[in-house]
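Student: Here it is, the structure in full.
The values are calculated or read from the model by the stated rules, or taken from the named source; none is laboratory data. These numbers come from a predicted model, not from an experiment. So basically every Cβ, Gly included, is an ideal-geometry build from the backbone, and we count neighbours across all protein chains shown.
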Amino acid sequence: MTTDTPALLRQLFDRAVAVADPMQSLAAVLPPKPAGRVMVIGAGKASARMAEAVEAEWGPCEGLVITRYGYARPCTGIEIVEAAHPVPDAAGQQATRRMLDLLECLGEGDFVLALISGGGSALLTAPAGDITLAEKQALTDALLASGAPIGVLNDIRKQISDVKGGKLAAAAYPAQMLALLISDVPGDDPADIASGPTVGDTGDATRALEALDRWSVTPPASITAYLRAGGAPLPPNDTRLTHVRNVIYAAPAQSLAAAAELAQASGISVEILGDALEGEARDVARAHAAEALNRQAAMSSGSKPVLLLSGGELTVTRRGDGIGGPNAEYALALALALDAAPGIHAIACDTDGVDGAAEVAGALIGPESLAHAVATGDDPAVALADNDAHGFFGRIGDQVVTGPTLTNVNDFRAILIQPL
């Protein structure tokens, strides 16, 4: 491993991503291809790569998978459709309708393989009742700006969808279904991954309305009316879900462990702060900065470097008009809180290569980050206040740009602390 600190941190991130690559990990959990009719469906940022991995083992298959624009992969039999994320679009809605039509034609002896990963909440789009796509888009945009945790978004989405909260699996009944999932959610609950299209819903419309009020989100009138009428729950004990088996085969903890192993091989002490952290990005960053400074103060000159790893999904409450995803905002707030402290470097990236609405994975920071800002005439505090972390790191040259990684196990954060 290189001793160049920014390069070392980037190696750790790349290792975390590689472990979750479906081409490296899916075959181990894929059963032999069943006899009879097999249908492969899926949705998420990793779903096309998952489909590619399936066909590498099973050969050409019938099916339809929806992924994010730019994330398609070559498949022989499975059709790959690209659609918008994080706000849904007409392409996703049309592809979802076609997927439901395919499932509704299946019978008792047929088999469905569902490939589900993060991002599927936006890509699987089937507004319930009289709710329009435009109204669903408006609600999604407002929820993303509110700073609400992903679990809250998912609870609301399930209540106004004809595909989330187990309804995708219900459409395939009585066929047997195996759902292979890559987790991008804190706690790795299958019901939260892509809003649980293959898992029954334990929420209700009343809770969704309370959450909208709590996060100061006013939905379009049709959505309020639909929720007041009871929403669209599908309980976990619904008979149509008895033919489904859900298996999470890749998750944030595995990626953090792989990065930790790589760091330890280079003589670095590692502590994993958790793989399911949530909260406002700038608040978590300030807490982590204080932890890093305290750790450094307790180190002697001969101490091993210490690496603090964490995962999960942080949020950003949109206050300004910049483009600042949670990882970039975390990195900027961390740099400000560390105040150019020597010997502390960090990386914060989304493992799918897209942080918020920007085609950027995240950012690297170090003691020189604030000095770089002075050289470019940037005020990092102003950038943070304006939610312009991506713009800030772009101007000082510290962005991490990967392009589509074809997987998604959520945020990756690493702080490397060296003794003074």
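Student: From the list ALA251, ALA208, ALA194, ALA259, which one is over 23 Å from SER146 (Cα atoms) and either without any contact (Cβ under 8 Å) to a residue 60 or more places away in the chain or touching a helix residue (DSSP H, G or I) at 6+ places or on another chain (Cβ under 6 Å) (or both)? Before you say what the answer is, go through the steps one by one.
Tutor: Working: ALA251 fails: either without any contact (Cβ under 8 Å) to a residue 60 or more places away in the chain or touching a helix residue (DSSP H, G or I) at 6+ places or on another chain (Cβ under 6 Å) (or both); ALA208 fails: over 23 Å from SER146 (Cα atoms); ALA194 fails: over 23 Å from SER146 (Cα atoms).
After ruling out the rest, the residue left standing is ALA259.
Student: Shifting gears a bit: If you go through the range 307-315 one residue at a time, do you hit one that is exposed (fewer than 14 other Cβ atoms within 10 Å of the Cβ), out of contact with any His (no Cβ under 8 Å at 6 or more places or on another chain) and among the acidic types (Asp, Glu)? Please lay out each step first, then the result.
Tutor: Kept after step one, since they are exposed (fewer than 14 other Cβ atoms within 10 Å of the Cβ), are these residues of the range 307-315: none.
Within the range 307-315 (the criterion being exposed (fewer than 14 other Cβ atoms within 10 Å of the Cβ), out of contact with any His (no Cβ under 8 Å at 6 or more places or on another chain) and among the acidic types (Asp, Glu)), the answer is no, since none of the residues qualifies.
Student: While we're looking at this one, here's another question. Need pairs with beta-carbon distance below 6 Å; first residue farther than 13 Å from VAL112 by Cα and within the range 13-36, second in a loop (DSSP other than H, G, I, E, B) and among the polar types (S, T, N, Q); sequence gap 6+ or separate chains.
Tutor: These pairs meet every condition: VAL17/THR351; VAL17/THR405; ALA20/THR407; ASP21/THR407.
Student: Could you list, in sequence order, all residues of the range 402-420 that are assigned to a loop (DSSP other than H, G, I, E, B) and either farther than 30 Å from SER269 by Cβ or more than 26 Å from the chain's Cα centre (by Cα) (or both)? Full working, then the answer.
Tutor: So in the range 402-420, the residues assigned to a loop (DSSP other than H, G, I, E, B) come out as 402-410, 418-420.
Result: GLY403, PRO404, LEU406, GLN418, PRO419, LEU420.
Student: Next up: Collect the residues in the range 272-304 that are over 30 Å from LEU180 (Cβ atoms), of a type outside the set (A, V, I, L, M, F, W, C) and surrounded by 21 or more Cβ atoms within 10 Å (Cβ to Cβ), keeping them in residue-number order.
Tutor: Selection gives ARG282, HIS288.
Student: Within the range 217-271, how many residues turn out to be among the hydroxyl-bearing types (Ser, Thr, Tyr), buried (at least 16 other Cβ atoms within 10 Å of the Cβ) and closer than 30 Å to GLU108 by Cβ?
Tutor: 1
Student: Only one residue in ALA250, ALA265 is under 23 Å from the mean Cα position of the chain (by Cα) and either within 30 Å of ALA126 (Cβ to Cβ) or outside the structural domain of GLY187 (by TED's automatic domain parsing) (or both), so which one is that? Don't jump to the end; show me each part of the working.
Tutor: Numbers: ALA265 fails: under 23 Å from the mean Cα position of the chain (by Cα).
From the options ALA250, ALA265, the qualifying one is ALA250.
Student: Give the residue, chosen from THR76, THR96, that is within 17 Å of LYS164 (Cα to Cα) and out of contact with any His (no Cβ under 7 Å at 6 or more places or on another chain). Working first, answer last.
Tutor: Working: THR76 fails: within 17 Å of LYS164 (Cα to Cα).
After applying the criteria, what remains is THR96.
Student: Separate question: State all residues of the range 37-88 that are β-branched (Val, Ile, Thr), out of contact with any Ser or Thr (no Cβ under 6 Å at 6 or more places or on another chain) and within 20 Å of ALA172 (Cβ to Cβ); if no residue qualifies, say none. Show your work before the answer.
Tutor: Taking the range 37-88 first, the residues β-branched (Val, Ile, Thr) are 38, 40-41, 54, 65-67, 76, 78, 80-81, 87.
Checking which are out of contact with any Ser or Thr (no Cβ under 6 Å at 6 or more places or on another chain) leaves us with 38, 40-41, 54, 66, 76, 78, 80-81.
Passing the criteria: VAL38, VAL40, ILE41, VAL54, ILE66, ILE78, ILE80, VAL81.
Student: Which ones in the range 184-209 are under 28 Å from ALA225 (Cα atoms), acidic (Asp, Glu) and either surrounded by 19 or more Cβ atoms within 10 Å (Cβ to Cβ) or touching a Leu at 6+ places or on another chain (Cβ under 6 Å) (or both)? Spell out how you get there, then give the answer.
Tutor: So in the range 184-209, the residues under 28 Å from ALA225 (Cα atoms) come out as 191-209.
If we keep only those that are acidic (Asp, Glu) as well, we get 192, 201, 204.
Residues satisfying the conditions are ASP192, ASP201.
Student: If you don't mind, there's one more thing I want to ask. Pick from the range 361-393 the residues that are under 22 Å from the mean Cα position of the chain (by Cα) and assigned to a helix (DSSP H, G or I): which of them is surrounded by the most Cβ atoms within 10 Å (Cβ to Cβ)?
Tutor: Restricting to residues being under 22 Å from the mean Cα position of the chain (by Cα) and assigned to a helix (DSSP H, G or I), the top hit is ALA389.
Student: Let me ask you something else. Tell me which residues, restricted to the range 172-210, are of a type in the set (A, V, I, L, M, F, W, C) and either closer than 15 Å to ASP162 by Cα or over 13 Å from the mean Cα position of the chain (by Cα) (or both). Explain how you work it out, then say what you get.
Tutor: Step one: filter the range 172-210 for residues of a type in the set (A, V, I, L, M, F, W, C), giving 172, 175, 177-182, 185, 191, 193-194, 199, 205, 208-209.
Result: ALA172, ALA175, MET177, LEU178, ALA179, LEU180, ALA191, ALA194, VAL199, ALA205, ALA208, LEU209.
Student: Right, next: Let me confirm something: among ASP350, ASP398, ASP411, which residue is touching a Leu at 6+ places or on another chain (Cβ under 7 Å), at pLDDT 95 or above, among the charged types (D, E, K, R) and crowded, with 24+ Cβ neighbours inside 10 Å? Let's see the steps before the verdict.
Tutor: On the way: ASP350 fails: touching a Leu at 6+ places or on another chain (Cβ under 7 Å); ASP398 fails: crowded, with 24+ Cβ neighbours inside 10 Å.
Only one candidate qualifies: ASP411.
Student: Find all pairs meeting these conditions: Cβ atoms under 7 angstrom apart; at least six residues apart or on different chains; first residue within the range 324-342 and within 17 Å of ASN294 (Cβ to Cβ) and surrounded by fewer than 24 Cβ atoms within 10 Å (Cβ to Cβ); second residue modelled with pLDDT of 95 or more and basic (Lys, Arg).
Tutor: ALA337/ARG286
Student: Quick one: how many residues across the range 31-67 are over 29 Å from ALA84 (Cβ atoms) and in contact with an Asp or Glu (Cβ under 6 Å, 6 or more places away or on another chain)?
Tutor: 1
Student: Please return the ranges of strands (runs of 3 or more DSSP E) entirely within the range 61-177 where 1 or more residues are polar (S, T, N, Q), modelled with pLDDT of 95 or more and not assigned by TED's automatic domain parsing to the domain that holds THR402.
Tutor: 62-68
Student: Limited to the range 266-323, what total is found for residues that are part of a helix (DSSP H, G or I) and over 19 Å from GLY356 (Cα atoms)? Give the steps one after another, and end with the answer.
Tutor: At the first step, the residues of the range 266-323 found to be part of a helix (DSSP H, G or I) are 281-297.
Now narrow it down to the ones that are over 19 Å from GLY356 (Cα atoms): 286-297.
Here the count works out to 12.
Student: Only one of ASP201, ASP192 is more than 30 Å from ARG15 (Cα to Cα), of a type in the set (D, E, K, R) and in contact with a Gly (Cβ under 9 Å, 6 or more places away or on another chain). Can you tell me which? Break it down stepwise before answering.
Tutor: Working: ASP192 fails: more than 30 Å from ARG15 (Cα to Cα).
Only one candidate passes the filter, namely ASP201.
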